Amino acid sequence: MTSAHHLYALPEHRRLDLKARFPRLTEQQISDQLGRTLQLRGAACARSDKRRGHLPAVAILGSDERWHLRLGTAMICSNAARMFIDLDVPAPTPGTVIPHSFRTRFPNGSVGLKRPGYRPDWDVVLTGQEKRPDLVPRAERCPINLDQGDWAPCSVVSRSDWKGRKRNLYIAAAGPMCRACGDSLGQDLHYDRYTELITGLLCNECSSHINECPHPAGCYQADYLNAPPAAHLKERYYVGGNRDDRKRAVGSPAA
């Protein structure tokens, strides 16, 4: 009989979730993986000092008829590499030209290689027209760094976008920040694989790594997993893709 002590150190709902995520692994194999991750991460999962989600943001219309995000005083489309954006620059004024390229510009002045199929470089002149970022549809946003987590999720969603509507409900109830780290904007609905119930709203980074957390307690990721902030709402995540969950009109024929 297997001991699987690393697995059984976790609360029952976390054990069931992990077993549902890795149905082809035995309990001992899951426990061994948790043990290896514990050795790598130590007493707690490291959290980066980012706090970008707390910076004031505004969308500014450009001459290319797209909206460009200003985070604090910096334009996040000023460098294709999000980590190299200088956040301590003066705020741009109307008429400022922002060079756009999908190539990374490194701090030493070198530029990343341009791969085949990439869009050509272009310049954008900022106008004086501004808008709340969450009111800008995805199709109208500048494509540079679009999916890196700095843009607030769009609050204008169609009735058939069940994920967007539920995400907006959580934002309205608990604010826009990630429910685990609290440092970045919440982007993704996290859910329990065993119950298929939504557990909360996470930023891109936490959403990508939180299920790897091996700690029973004493870690910000473990705190989230042990007591999911949205578990009491009993909202189901539709596993398998998008779905129109709007209520049928009274008297409408069944599908």
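Coordinate-derived values only; no laboratory data. These numbers were taken from a predicted model, which means no experiment stands behind them. Counting neighbours? That spans all protein chains shown, and the Cβs are built from the backbone with ideal geometry, glycine included.
When restricted to Cα atoms, the stretch 129-171 yields an Rg and a Dmax of 10.8, 31 Å, respectively.
Seen from every direction in turn and averaged, the convex hull around the alpha carbons of the chain projects onto 18.8 nm².
Within the stretch 54-140, the ratio Rg/Rh, alpha carbon atoms throughout and Rh by Kirkwood, equals 0.96. Backbone amide hydrogens, once placed in the peptide plane, bring HIS100 within less than 5 Å of TRP122, ASP123, VAL124, excluding anything fewer than 5 places away on its chain.
Translational diffusion of the stretch 27-174 was estimated from the Stokes-Einstein equation, with Rh taken as the Kirkwood radius over Cα pairs; at 37 °C and 0.692 mPa s the coefficient is 183 µm²/s. In summary, the aspartates and glutamates within cross-link reach of LYS19, defined as a Cα separation below 18 angstrom excluding same-chain residues under 8 places away, comprise GLU27, ASP32, ASP192, GLU196, GLU212.
Ranked by the mean number of other Cβ atoms within 10 Å per residue, highest first, peptides 135-143, 221-229, 29-37 order as 221-229, 29-37, 135-143. Basic side chains Lys and Arg get +1 at the Cβ, acidic Asp and Glu get -1 at the Cβ, and with that the dipole of the stretch 54-140 about its Cα centre reaches some 340 debye. Of LEU201, GLN221, GLN39, whose Cα points farthest to the positive end of the dipole of the chain (charges on the beta-carbon: +1 Lys, Arg; -1 Asp, Glu; origin at the Cα centre)? Of the listed residues, the answer is LEU201. Find the centroid of the Cα atoms in the stretch 123-199 and in the stretch 33-84, then give the distance between the two in whole Å. Distance between centres, Cα-based: 14 Å.
Could you list LYS166, LYS19, LYS234, LYS131 so that the one with the fewest beta carbons within 10 Å of its beta carbon is first and the one with the most is last? Mind dumping the intermediate values first?
On the way: LYS166 21, LYS19 16, LYS234 9, LYS131 13.
The order, fewest Cβ neighbours first, is LYS234, LYS131, LYS19, LYS166.
Which helices, taking whole DSSP H runs in the chain, have alpha carbons extending 27 angstrom or more along the helix axis plus mean Kyte-Doolittle at least 0.0? Intermediate results must be reported in sequence, preceding the final value.
Details: long enough: none.
The qualifying helices: there are none.
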